[in-house]
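Notes follow the structure.
The values are calculated or read from the model by the stated rules, or taken from the named source; none is laboratory data. This is a predicted model, so every value here is computed, not measured. All Cβ positions, glycine included, derive from the backbone under ideal geometry; neighbour counts span all protein chains shown. Ligands, DNA and RNA are excluded from the accessible area calculation, which covers all protein heavy atoms including side chains. Shrake-Rupley method; radii C 1.70, N 1.55, O 1.52, S 1.80 Å.
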Amino acid sequence: MPQMSKVELYAAIRRDHRGGMSMRELERKHGVTWRTVRKALDSSWPEPRKELPPRATTLDPYKPVIDEILRADLDAPRKQRHTVTRIFHRLIEEHGADISYGVVRYYVAGRKPEILVESGKAPLEAFVPQTHLPGHEAEVDFGDVTVRLAGELVTCYLFSFRLSYSGKAVHRPVDRTTGASCVLLR
């Protein structure tokens with residue numbers, strides 16, 4: 001049997017149960033325990049996965065040192081700031097750290113923007129939702145398009161109009177020479 005997601009498994013169990021299968025038959029058919037069958041019948045969505053606490057890393061004892069270096073660099077001239085390589089070498093030389101360069105680089109890449117925000121030197125990331133009121137905004141474009149009309153290529157003007165609120169659009173090609181409407185066949 002191909003592997004299916006938990007949502008699909010729950011749906012299949014409920015469908016078979018509505019078809020008249022007993023709990024034991026459902027267990028055997030789907031290869032699950034009675035607890036899983038009970039959960040599937042009680043709820044249409046599986047429980048979300050439990051978040052595990054973050055594991056300790058070899059970098060944990062040195063994170064305050066790195067943070068202090070990054071905070072000191074906020075006031076330093078641009079050319080005198082620490083690179084990731086220099087931070088890595090300082091950890092090895094001054095603190096005897098036994099860590100890899102990649103771990104330090106990954107931590108600094110994520111932590112540097114956070115420290116900038118904490119210090120007030122960088123704005124928080126913000127999301128501004130777009131809202132379009134009915135009848136207030138539209139997009140219009142006009143250009144050339146080449147279409148095959150009655151077996152020959154004809155260059156037409158294309159008028160495109162889109163309403164921002166509903167997303168509805170109108171596209172009208174017009175023959176450049178005659179002014180007649182062209183029909184686009186796809």
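Checking the structure you have, find out if any residue of region 98-110 is outside any helix (DSSP H, G or I) and charged (D, E, K, R).
The answer is yes; a qualifying residue exists.
Out of all the residues in region 116-165, which are under 35 Å from the mean Cα position of the chain (by Cα), open to solvent by less than 60 Å² (accessible area, probe 1.4 Å) and of a type in the set (Ser, Thr, Tyr)?
119, 160, 164
Please go through region 39-83 and give me each residue that is basic (Lys, Arg) and touching a residue at least 24 places away in the same chain (Cβ under 8 Å), ordered by number.
Within region 39-83, 39, 63, 71 meet the criteria.
For region 101-115, enumerate the residues that are of a type outside the set (D, E, K, R) and open to solvent by less than 60 Å² (accessible area, probe 1.4 Å).
Answer for region 101-115, where residues must be of a type outside the set (D, E, K, R) and open to solvent by less than 60 Å² (accessible area, probe 1.4 Å): 102, 103, 104, 107, 108, 110, 115.
Scan region 113-129 and report the pairs whose first residue is closer than 19 Å to residue 67 by Cα and of a type in the set (Gly, Ala, Ser) and whose second residue is open to solvent by less than 60 Å² (accessible area, probe 1.4 Å) and in a loop (DSSP other than H, G, I, E, B), with Cβ atoms within less than 6 Å and a gap of 6+ or a chain change.
119/74
Among the residues of region 115-150, write down those that are of a type in the set (Ser, Thr, Tyr) and part of a strand (DSSP E or B).
146
Regarding residue 97, is this residue of a type in the set (A, V, I, L, M, F, W, C) and surrounded by 13 or more Cβ atoms within 10 Å (Cβ to Cβ)?
Yes, satisfied.
Being surrounded by fewer than 16 Cβ atoms within 10 Å (Cβ to Cβ) and in a loop (DSSP other than H, G, I, E, B) is the filter here, so list the residues in region 57-75 that pass it.
57, 58, 74, 75
Mind listing just one residue for me: the one in region 95-112 that is more than 14 Å from residue 69 (Cα to Cα) and aliphatic (A, V, I, L, M) and, of those, nearest to the chain's Cα centre (by Cα)?
103
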